[in-house]
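Some notes on the structure that comes next.
The values are calculated or read from the model by the stated rules, or taken from the named source; none is laboratory data. Only a predicted model underlies this, so the values are computations on that prediction, with no experimental measurement involved. Cβ placement follows ideal geometry from the backbone for every residue including glycine, while neighbour counts extend to all protein chains displayed. Remember, those area values only see protein heavy atoms, side chains included, never the ligands or the DNA or RNA. Shrake-Rupley method; radii C 1.70, N 1.55, O 1.52, S 1.80 Å.
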Amino acid sequence: MSLILECGSLSKTYGQTVALCNVNLRVESGGVVGLLGPNGSGKSTLIKLAMGMLQPTSGAILVDGRTPSAETKAVTAYLPDAPFLPEWMRVRQAIAYIKDFFPDFREDLCKEMLLRLGIGLDQKLRTLSKGNKEKVGLILTMARNAKLYILDEPIAGVDPAARDFILDVVMQSKPEGATIFLCTHLIADIEPILTHAIFLNRGQVVLDGEAERIREEKGKSLDELFREVFRW
């Protein structure tokens, strides 16, 4: 099995602030990986390093066997934790925008998922509810035919029904052999689909392994372990 993400003694500091400290990870392709931790644990920093948006202070990170670059961005679909499309755009313009950037964009799949959601192609993004804007962003991301999907807090701030829709979209549109990275602190909602879990706390990996093996060894759900590890 090939590795989709590797970190070797990876550290990132901002002045005196340590965001990541000596992180070592080896994540195999093909699964649904939970990158789990409270706010400030280093999740977003790790994601930005994987996307080449930041450079390591020390150590190394590899995506699909390569240092993050234009080449790895071409096989990585990234959903940030904030809206990334201009409000003035119509949905059809947003589709054209993403299609123009990424040759692997699956337009038919995108339109099919939007139809399920009841969102018209001529609707302007600014007229959509916050939840529907987030769903459009997710659909545009998952309509890529990528090797690695990095979703930063995709279910935060949406109601339980919307969470179910989002997880359904993630699983139904995932190409065979692709890897999903779900970055969140809402463990209970995503636990049923996770194959691998990584717990980050204060910039360090405190738990890393196959989800089922962790549950068997600890005798607890990932959600229970999360509440235990990050108990204040």
Rg and Dmax of region 34-89, Cα atoms only, in Å: 13.1, 41
Convex hull of region 166-216 built on C-alpha atoms - directionally averaged projected area, nm²: 4.2 nm²
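Past 20 Å, Cα to Cα, is the threshold; run LYS12/LYS133; LYS12/LYS220; LYS99/LYS124 against it and keep the listed order.
Over 20 Å apart, Cα to Cα: LYS12/LYS133; LYS12/LYS220.
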Of GLU112, GLU216, GLU153, ordered by accessible area with the largest first and a 1.4 Å probe, the sequence is GLU216, GLU112, GLU153
With axes computed from alpha carbons, what is the tilt in degrees of helix 107-117 against the longest principal axis of the chain, rounded to the nearest 10 within 0 to 90? 90 degrees
Rounded percent of accessible protein surface that carbon and sulfur make up, region 93-177, 1.4 Å probe: 51 percent
If you count only protein heavy atoms with a 1.4 Å probe, what accessible area per residue comes out for the chain, rounded to a whole Å²? 49 Å²
P(r) tail for region 57-191, what percent of Cα pairs lie past 22 Å? 37 percent
For the chain, longest principal axis from Cα atoms; helix 160-173 axis from its Cα atoms; angle between them, nearest 10 degrees, is 90 degrees
Just to confirm the filter: which GluC sites (Glu not before Pro) across region 1-87 are DSSP coil and have at most 14 other Cβ within 10 angstrom of their Cβ? GLU87
Students often forget the sequence filter, so: which aspartates and glutamates lie under 15 Å Cα-Cα from LYS135 once same-chain residues fewer than 8 apart are removed? ASP81, GLU87, GLU112, ASP152, GLU153, ASP159, ASP164, ASP168
For region 20-30, in order, what is each residue's ³J(HN,Hα) by Karplus, 6.51 cos²θ - 1.76 cosθ + 1.60 with θ = phi - 60°, in whole Hz (x at glycine and Pro)? 9, 9, 6, 7, 10, 9, 9, 10, 6, 5, x
On C-alpha positions alone, give me the angle between the axis of helix 91-101 and the longest principal axis of the chain, in degrees, nearest 10. 60 degrees
Just to check, using Stokes-Einstein with a Kirkwood Rh over alpha carbon pairs, what's the diffusion coefficient of region 59-122 at 25 °C and 0.890 mPa s in µm²/s? 177 µm²/s
Debye log10 I(q)/I(0) for the chain, one point scatterer per Cα, at q = 0.13, 0.14, 0.17 Å⁻¹: -0.78, -0.90, -1.28
Looking at the calculated P(r) for region 118-197, what percent of the C-alpha pair distances fall above 21 Å? 27 percent
Percentage, to the nearest whole number, of Cα pairs in region 8-132 over 21 Å apart: 53 percent
Compute the distance in nm between two label points, each set 7 Å from the Cα along the Cα-to-Cβ direction, one at ASN145 and one at ALA82. 3.3 nm
